[in-house]
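Notes follow the structure.
Values quoted throughout were computed directly from the atomic coordinates according to the rules given, and no laboratory measurement underlies them. Owing to the predicted nature of the structure, the values given are computational and were not obtained by experimental measurement. Here Cβ is always computed from backbone atoms with ideal geometry, including for glycine, and neighbour counts include all displayed protein chains.
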Ligand SMILES: O=C(O)c1ccccc1NCC(=O)[C@H](O)[C@H](O)COP(=O)(O)O
């Protein structure tokens, strides 16, 4: 199970979380977000990290912005979190063939899951996040996990949206995603991660995995 901690802004916290056992760190490249980090900051953070996957989170960004950030920040993955079309996903994939391409879908109702089939041939991984009318991500809102129990995409997927150390076991008892993604559930304020909560989260996931063996 991949564990992605998203919205890192501080080098020492990123190093600590990578060392604690997270498998992916996410950097928000959306300027409107309180968790936004400039490409130069991503570069500084990434240079200090042990080996770990590094995703840049973009929303309706230009190809140039994505290319430059990937190069400077040595990103291993690009998460498209806006209204990017299938054609745009194809362009990103062709331009950056060695980078994992993740399409985030914000799920308002079950009909939104229909998009998965159409995007699947053009992306590597999906991320399901909760819908919020004003904010694209990092909202702390959960999905209705029960309604996702029949969700079996032909690509690996991350469950996101409102996961916390105290509810992740319940989510994983209902669903079997390939990864989980957390932001606000392990922070004290936007972009400022709480290492105690991260440790609790990793513990809760480990416990859940042991129970399901
Ligand atoms: O986190 C943000 O501020 C953000 C802003 C704009 C686009 C995407 C954003 N986050 C994307 C993520 O992958 C978050 O981890 C995801 O939305 C889950 O957040 P949370 O509900 O706080 O765990």
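Figures for the structure shown
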item	result
All positions within the stretch 11-34 that are on the phi < 0 side of the Ramachandran plot, part of a loop (DSSP other than H, G, I, E, B) and touching a helix residue (DSSP H, G or I) at 6+ places or on another chain (Cβ under 8 Å)	22, 29
Selected residue (only one of 42, 66 is away from the ligand (no atom under 13 Å from the Cβ), under 30 Å from residue 206 (Cα atoms) and surrounded by 18 or more Cβ atoms within 10 Å (Cβ to Cβ))	42
Pair list, Cβ under 7 Å, 6 or more apart: the stretch 108-119 residue under 12 Å from residue 148 (Cα atoms), other residue assigned to a helix (DSSP H, G or I)	110/147
Residue within the stretch 105-112 that is closer than 29 Å to residue 170 by Cβ, touching a strand residue (DSSP E or B) at 6+ places or on another chain (Cβ under 7 Å) and part of a helix (DSSP H, G or I) present	yes
Count - residues of the stretch 62-86 that are assigned to a loop (DSSP other than H, G, I, E, B) and touching a strand residue (DSSP E or B) at 6+ places or on another chain (Cβ under 8 Å)	6
Condition met for residue 189 (near the ligand (Cβ under 8 Å from one of its atoms) and either crowded, with 22+ Cβ neighbours inside 10 Å or under 16 Å from residue 8 (Cβ atoms) (or both))	no
Total residues in the stretch 121-173, condition buried (at least 21 other Cβ atoms within 10 Å of the Cβ), part of a loop (DSSP other than H, G, I, E, B) and more than 14 Å from the ligand (Cβ to nearest atom)	1
So residue 177, is it part of a loop (DSSP other than H, G, I, E, B), more than 10 Å from the ligand (Cβ to nearest atom) and surrounded by 19 or more Cβ atoms within 10 Å (Cβ to Cβ)	yes
